[in-house]
Structures are given as structure tokens and as C-alpha cells.
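Asker: Here it is: the structure, laid out below.
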Amino acid sequence: MQQRKKSSKKVTSWEVLGKQLAEFRRVAGLTQGQLADLARVGEDTVSSVEQGRRRLQADLAERLDTILETKRALSTAVSTIPTHERYPLFAQDFIEHEQTAVTILSYESHVIPGLLQTSEYARTVFGNAYPPLTTQGLEEAVQARVDRKQILSRDIPPMMSFIIEESVLLRHLGDPQAMSQQIQHLRDCADLPCLSLQVMPTNTDAHAGLAGPLVLLETPDHDHLAYIEGHHRGFMVDDQDEVSAYQQKYGMLRAQALSPQKTKDLLNTLLGVK
């Protein structure tokens, strides 16, 4: 059995920024609680940011720069954080691999896959986050999701396969017009030469994906990875025996789902196109 690759924990830009904030606070002679009161946030927020467990939002960075008289040091640092590190900490490795992947296989059971979401659909998804995001946090999350989609327009895009539960298409997130635009976007994506889109019919009596969503990636070096995500948690799998089992599962899902052509027919029906 192949051993799981060992890798040392990377220090993220958010952890470095957190240490800078802690040093600025100490130089100013403030406790975490005192700084939190001045910035009008909870003490746990300051503590989490200093430990690198929470991203420092741009509006809070500006307030802290003013309070600590740091001449926009924190605001500037936030604006220069690498793109993939603007995602939740648990998803950063996945996003980094996704941006360079040569193959992406995705099964989704609850929402439209992120790479296929319109900005309005993404806004509705993030708008349902709990605890709720701030207005700025919501817009940053939507923009980050839009930025991810740039891989579809790469000179050499990855080969992609998406399987979506039919129930996802019938659940109207947001207003009907926005959902119709989302389905039209899926129909347009279904014609891309690098992309295969399939719908898993609700009335299927056999299903290999009951355990939940799954993404499989192939790197430029032809390593194979799997990504599993749940409530505010996600993890990469690089053990090749485990990844192989997920690949077999995905192969079965492909066989059980509607064909790409029948999927296009279904999308046309939902759009009222004959």
C-alpha cells in the first residue's frame, strides 16, 4: 500500500499578518480585549485574526490601522494576500491545486458546483451562510468565486466532468429570474468542448454518491487527489488507494447519471426550449 505523502505545515500569509497585528497591538500597549472594544468587534475576533485562524477583512484592517497608527500597513498587507489564500483556510490547498489541474471531476448534491455558478447564484449561496457574512465579506466571497472560474478560459483549460443532482436544479435559490439565468449558464457550459455535464435523476434507484459531494483532481505532474468538504471543513486525500476508490465511485456515478445529451435535453426543458 502506498504511503500518504508527508508535508510540513505551510505558514500562511494570514498567520504572518496575525503576528504583525499582535506585535502592533503590544507596541500600542493594548490587550486583545481593549483593541476589540476600540475596533467594535468581539475579543474572539481579534484573537482569531492574531492566530491566523480568521481572515482579516479589509474594513476591519482600516479601522485597526487608524487605532494603532500603523500607516495602512495592515490594509496594504490584506490587499496583497495571494489569491488562493483569500479562501477559507481549510480550502486553500484545494483551490491552489484546482487552479493548475489538468483534470477536474466533480459530483455535487446540494448546490451548483462553484466553477459553474453565476455571480448572482453565488451571492445567494453565500447569503445563506451561518453565521452570516458581513456585507463586505459577502462581496469578497462572491468575487473570489468568480475569480476561480477563470480556469475555464485558460488557453488550455482542464478536462472537466460535472455530475449534479436533479434536485439542485429544482431548488430555486434566489429569485426565479436568477435561477433561470443559472440554468441557462449550465446549458451554455454543457456545450464547452472541455466539459462534460451530467444530471443525476431524482428517481434513480441506484446511487453511488450517497456519502456526499466529491471532487477529484489530476495535477500537471499526473498526481491524483481527492477533496472532501463538509460544514466549514474540508480535506485533501492523496493516498492513492483511497483516491482510486473515489475514482471507482465517480465512474459508477457517471454510469448512473443521465448522458450529456439527455442532460442538455433536460436543461432545455427547464428553460422552456423545445
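Asker: Rounded to the nearest 20 debye, what is the charge dipole size of region 175-274 about its Cα centre when +1 sits on each Lys and Arg Cβ and -1 on each Asp and Glu Cβ?
Answerer: 620 debye
Asker: In debye, nearest 20: dipole of the chain around its Cα centre with unit charges on the Cβ of K, R (+) and D, E (-)?
Answerer: 180 debye
Asker: If the chain between residue 96 and residue 177 were fully stretched, how many nm would it gain, using 0.36 nm times the residue separation less the Cα-Cα distance?
Answerer: So the extension gain works out to 25.9 nm.
Asker: If I take R0 = 51 Å and measure r between the Cβ atoms of residue 23 and residue 211 in this structure, what FRET efficiency does the formula 1/(1 + (r/R0)^6) give, to the nearest 0.05?
Answerer: After rounding to 0.05, the efficiency reads 0.70.
Asker: A further question on this structure: Which value, in Å to one decimal place, does the Kirkwood hydrodynamic radius take for region 156-274 when every pair of different Cα atoms is included?
Answerer: About 15.8 Å for region 156-274.
Asker: Please figure out what share of the DSSP beta bridges in region 84-270 is antiparallel and state it in percent, rounded to the nearest 5.
Answerer: Just about 55 percent of them are antiparallel.
Asker: A further question on this structure: Residue 149 to residue 81: extension gain in nm, 0.36 nm per residue of separation minus the Cα-Cα distance?
Answerer: Computed gain between residue 149 and residue 81 is 22.6 nm.
Asker: Further question: Less than 15 Å apart at the alpha-carbon level, and either on another chain or at least 8 residues along: which aspartates and glutamates does that give for residue 274?
Answerer: Output for residue 274: 265.
Asker: I've got another one for you. Would region 71-163 count as rounded, prolate or oblate if I go by the C-alpha gyration tensor, calling it rounded below 1.5 in a/c and otherwise prolate when a/b exceeds b/c, oblate otherwise?
Answerer: Judged from the Cα gyration tensor, region 71-163 comes out oblate (a/c at least 1.5, b/c at or above a/b).
Read-outs: derived from the displayed coordinates by stated rules, not from any lab. Everything quoted here is computed from the prediction, not taken from an experiment. Neighbour counts run over all protein chains shown; Cβ positions are idealised from the backbone, glycine included.
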